[in-house]
Amino acid sequence: MRKEARYYESLTQEKVKCTLCPHNCLLKDGQTGSCHVRNNSGGKLYAENFEKISALHFDPIEKKPLYHYHPGEIIFSVGSVGCNLHCKFCQNAEISQTSVDDFLHLRNIPVNDIVNTALTRIENIGIAYTYNEPTVWFEYMVEIAVKAKIEGLKNVVVTNGFINKDPLVELMDYIDAFSVDLKAFTDDFYKKNTFSRLGPVKNTLKRIRKSDKHLEITNLVIPTLNDDKRKFSEMIQWIAGELGENTILHISKYYPSYKMTIETTPIETMMTLFDIAREKLNYVYIGNISTNKGRDTICSQCGQKVISRDGYWTSVNGLNKDGRCTRCNNAVAIR
Ligand code: SF4
């Protein structure tokens with residue numbers, strides 16, 4: 001089943017302009033947008049991936065990654081197909097860089113069935129929209145999120161942040177926490193390696209920060225492309241200045257995938273960038289490798305370890321019920 005898209009304008013001669021993401025694709029009758037999943041059919045724009053699921057799992061919330069939101073709990077995670085970016089280093093290209101017709105393992109799952117499955121495990125906190133870019137299945141995601149909220153479940157989005165203002169504002173009515181990729185801090189990187197732009201992602205981050213929603217950022221470090229210390233430092237200053245020093249940042253080790261063959265990020269690079277980030281930000285983590293640094297949560301005021309982690313094992317041992325440090329009562333930016 002497909003669904004008429006929520007964000008588009010009708011133009012002359014059955015052309016449409018999709019207004020969901022900053023690509024603002026202009027589509028003639030029969031054409032599909034850059035995301036592979038929004039198609040103009042007779043002058044109406046349709047989301048082809050409505051109620052189409054490529055993957056679903058109960059995951060640790062740390063896998064999203066979210067370290068300061070319900071630490072140690074699990075979340076029902078669902079994905080579809082398509083993406084509005086075309087990152088050369090995509091780690092999920094088999095579902096993101098494909099269409100409904102080309103991906104052979106899609107399952108048709110109605111909105112109610114997603115929510116009912118989420119409710120089958122009492123310890124599950126909610127639903128995460130993830131794996132491929134969820135904003136390109138906006139209609140399905142919002143319908144699930146509305147019902148999930150009524151059932152008392154939390155809604156979490158894992159996104160590239162390349163979305164226009166109006167749909168983002170609507171989404172924020174239902175979403176409790178955002179995990180957003182900030183892939184680099186130059187427009188040149190975004191254009192050459194993701195076929196998008198940096199500016200709209202920065203706007204998304206600022207809009208989420210102005211709301212009361214939980215936000216964590218992930219930066220994948222790719223040698224020679226976005227590991228320049230000066231540019232990285234500029235990004236950290238922007239995050240601290242615009243989003244605040246308590247903004248949670250995950251710097252993640254890259255491995256060759258999809259079209260990118262550059263070698264894996266050296267551990268020394270990860271350590272150096274971690275130290276730069278920690279000069280301005282209170283909560284910085286290292287992802288995709290096992291290391292003692294950037295793994296646990298340390299109270300920014302008294303230095304007590306408040307959350308211990310080992311892989312996806314998590315122990316919350318230094319927080320009171322309000323998310324404050326048990327030693328000094330500092331608010332540790334945990335929800
Ligand atoms: S969501 Fe898809 S069709 Fe719409 S503007 Fe973005 S890439 Fe184009």
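Given the criteria closer than 17 Å to residue 180 by Cβ, touching a Phe, Trp or Tyr at 6+ places or on another chain (Cβ under 9 Å), of a type outside the set (A, V, I, L, M) and open to solvent by 70 Å² or more (accessible area, probe 1.4 Å), does residue 197 qualify?
Working: closer than 17 Å to residue 180 by Cβ: yes; touching a Phe, Trp or Tyr at 6+ places or on another chain (Cβ under 9 Å): yes; of a type outside the set (A, V, I, L, M): yes; open to solvent by 70 Å² or more (accessible area, probe 1.4 Å): yes.
Yes; evaluated as a whole, the condition is true for this residue.
Going by the structure shown, is residue 287 among the small types (Gly, Ala, Ser) and open to solvent by less than 30 Å² (accessible area, probe 1.4 Å)?
Criteria met by residue 287.
Any chance you could count how many residues in segment 108-137 are out of contact with any strand residue (DSSP E or B) (no Cβ under 7 Å at 6 or more places or on another chain) and not aliphatic (A, V, I, L, M)?
Summing the residues that are out of contact with any strand residue (DSSP E or B) (no Cβ under 7 Å at 6 or more places or on another chain) and not aliphatic (A, V, I, L, M) in segment 108-137 gives 5.
Among (1) more than 13 Å from residue 49 (Cβ to Cβ); (2) in contact (Cβ under 8 Å) with a residue 40 or more places away in the chain; (3) away from the ligand (no atom under 16 Å from the Cβ); (4) not aromatic (Phe, Trp, Tyr), which single condition is residue 97 missing?
(3)
Where in segment 231-335 are there strands (runs of 3 or more DSSP E), lying fully within it, with 2 or more residues that are under 21 Å from the mean Cα position of the chain (by Cα)? So that I can check it myself, show each step before the final result.
Numbers: elements: 248-253, 283-287, 305-310, 313-316.
In segment 231-335, the matching strands (runs of 3 or more DSSP E) lie at 248-253, 283-287.
Condition check: more than 16 Å from the ligand (Cβ to nearest atom), out of contact with any Leu (no Cβ under 6 Å at 6 or more places or on another chain), among the aliphatic types (A, V, I, L, M) and assigned to a loop (DSSP other than H, G, I, E, B). Does residue 220 satisfy that? Give the steps one after another, and end with the answer.
Details: more than 16 Å from the ligand (Cβ to nearest atom): yes; out of contact with any Leu (no Cβ under 6 Å at 6 or more places or on another chain): yes; among the aliphatic types (A, V, I, L, M): yes; assigned to a loop (DSSP other than H, G, I, E, B): no.
No; evaluated as a whole, the condition is false for this residue.
Taking the conditions exactly as written (buried (at least 22 other Cβ atoms within 10 Å of the Cβ), under 30 Å from residue 259 (Cβ atoms) and more than 16 Å from the ligand (Cβ to nearest atom)), does residue 157 satisfy them or not? Spell out the reasoning first.
Working: buried (at least 22 other Cβ atoms within 10 Å of the Cβ): yes; under 30 Å from residue 259 (Cβ atoms): yes; more than 16 Å from the ligand (Cβ to nearest atom): no.
So residue 157 does not fit the description; no.
Go through (1) more than 17 Å from residue 71 (Cα to Cα); (2) touching a residue at least 60 places away in the same chain (Cβ under 8 Å) and name the single condition residue 276 misses.
(2)
Given (1) farther than 14 Å from residue 141 by Cβ; (2) within 16 Å of the ligand (Cβ to nearest atom); (3) out of contact with any Phe, Trp or Tyr (no Cβ under 8 Å at 6 or more places or on another chain); (4) of a type outside the set (S, T, N, Q), where does residue 66 come up short, assuming only one miss?
Failing condition for residue 66: (2).
So, of the residues in segment 7-43 that are more than 11 Å from the ligand (Cβ to nearest atom) and either in the same structural domain as residue 86 (by TED's automatic domain parsing) or of a type in the set (Ser, Thr, Tyr) (or both), which turns out to be farthest from residue 112 (Cα to Cα)?
Per the stated criteria, the residue is 12.
When segment 153-173 is examined, which residues are found to be closer than 16 Å to residue 77 by Cα and not hydrophobic (A, V, I, L, M, F, W, C)? Full working, then the answer.
Step one: filter segment 153-173 for residues closer than 16 Å to residue 77 by Cα, giving 153-159.
Result: 154, 155, 159.
The values are calculated or read from the model by the stated rules, or taken from the named source; none is laboratory data. Remember, it's a predicted structure, so these values are computed and weren't measured experimentally. Neighbour counts are summed over all protein chains in view; Cβ atoms, including those assigned to glycine, are modelled from backbone coordinates with ideal geometry. Side chains are part of the model used for accessible areas, which takes the heavy atoms of the whole protein and leaves out ligands, DNA and RNA. Shrake-Rupley method; radii C 1.70, N 1.55, O 1.52, S 1.80 Å.
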